Amino acid sequence: DTGVSQDPRHKITKRGQNVTFRCDPISEHNRLYWYRQTLGQGPEFLTYFQNEAQLEKSRLLSDRFSAERPKGSFSTLEIQRTEQGDSAMYLCASKHGTSGRTDTQYFGPGTRLTVL
Amino acid sequence: GQQVMQIPQYQHVQEGEDFTTYCNSSTTLSNIQWYKQRPGGHPVFLIQLVKSGEVKKQKRLTFQFGEAKKNSSLHITATQTTDVGTYFCAGPRSSNTGKLIFGQGTTLQVKP
């Protein structure tokens, strides 16, 4: 257990529905990252926050995706009008500090999304 | 854009045999990290290499960072069934964001 928690662990939804995932990072970590991982691939960066500010979004993050970290603690990732191609594992990771030399990220257990 | 490639994609070994996975980046990296993901699990940080030519060991695992800081390798000596999983290398997209670019991973199967 890395100390990063995600909820729910599994989500099955029908195409067109909206889903929201939550991530609680390690408490003293000011950076929080969202990644998406599909079968047989490495995690792909989606977006990241430094405290409450969303500083970068990947081109993978379409307009149907939105992420927030309102108080600089937990974060939510919402997918609107889900599509079957959204089926994946959504991973959250957190990191302490801003130095590039300490890039260790601690991953949560992930939320596995299945869109029927 | 920046790419991180890993080979092989899969490796099946007999327990006790050695295993090596190789990682190559299209750009010079400030550091490289290795993660292990067990089946059904999430990536778990193993190690970070920062210096050119750096070699680090963790019991039966040996990690190496190339002189040009564009390639890396992970070598496992005398594999055990507990080594089963997918090993990912990852490099930062830029040193300011901490965003990681992952390789596609090498999945290791160990036959007892």
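Brief remarks follow.
- Enumeration of residues in the stretch A:11-25 that are surrounded by fewer than 17 Cβ atoms within 10 Å (Cβ to Cβ) and either within 18 Å of A:Gln50 (Cα to Cα) or within 11 Å of chain B (Cβ to nearest Cβ) (or both): A:Arg22
- Check on B:Ala78, in contact (Cβ under 8 Å) with a residue 60 or more places away in the chain and assigned to a loop (DSSP other than H, G, I, E, B): yes
- Selection count, the stretch A:27-62, where residues are part of a loop (DSSP other than H, G, I, E, B) and either facing chain B (nearest Cβ under 8 Å) or in contact with a helix residue (DSSP H, G or I) (Cβ under 8 Å, 6 or more places away or on another chain) (or both): 4
- Residues within the stretch B:52-106 that are in contact with a Gly (Cβ under 6 Å, 6 or more places away or on another chain), crowded, with 22+ Cβ neighbours inside 10 Å and more than 18 Å from B:Asn31 (Cα to Cα), tallied: 1
- Matching residues in the stretch B:31-43 - criterion: being surrounded by fewer than 15 Cβ atoms within 10 Å (Cβ to Cβ) and not basic (Lys, Arg): B:Pro39, B:Gly40, B:Gly41
Residues are listed down the side, and each one gets a yes or a no for (1) touching a residue at least 12 places away in the same chain (Cβ under 8 Å); (2) within 13 Å of chain A (Cβ to nearest Cβ):
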{"position": "B:Tyr35", "(1), (2)": "yes, yes"}
{"position": "B:Lys59", "(1), (2)": "no, no"}
{"position": "B:Glu67", "(1), (2)": "yes, no"}
{"position": "B:Asn71", "(1), (2)": "yes, no"}
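- Test: A:Leu55 is surrounded by 15 or more Cβ atoms within 10 Å (Cβ to Cβ), under 22 Å from B:Gln33 (Cβ atoms) and in contact with a strand residue (DSSP E or B) (Cβ under 7 Å, 6 or more places away or on another chain): no
- Here A:Glu78 clears all of (1) touching a residue at least 24 places away in the same chain (Cβ under 8 Å); (2) in contact with a Ser or Thr (Cβ under 9 Å, 6 or more places away or on another chain); (3) within 14 Å of chain B (Cβ to nearest Cβ); (4) of a type outside the set (S, T, N, Q) except the condition numbered (3).
- Checking the stated criteria, B:Thr21 turns out to be within 14 Å of another protein chain (Cβ to nearest Cβ) and either closer than 11 Å to B:Cys89 by Cβ or aromatic (Phe, Trp, Tyr) (or both).
- Of all residues making up the stretch B:37-55, the number that are part of a loop (DSSP other than H, G, I, E, B) and within 11 Å of chain A (Cβ to nearest Cβ): 6
FYI, it's all coordinate maths here, none of it is from the lab. Quick caveat: nothing in here was measured; it's all calculated off a predicted structure. Here Cβ is always computed from backbone atoms with ideal geometry, including for glycine, and neighbour counts include all displayed protein chains.
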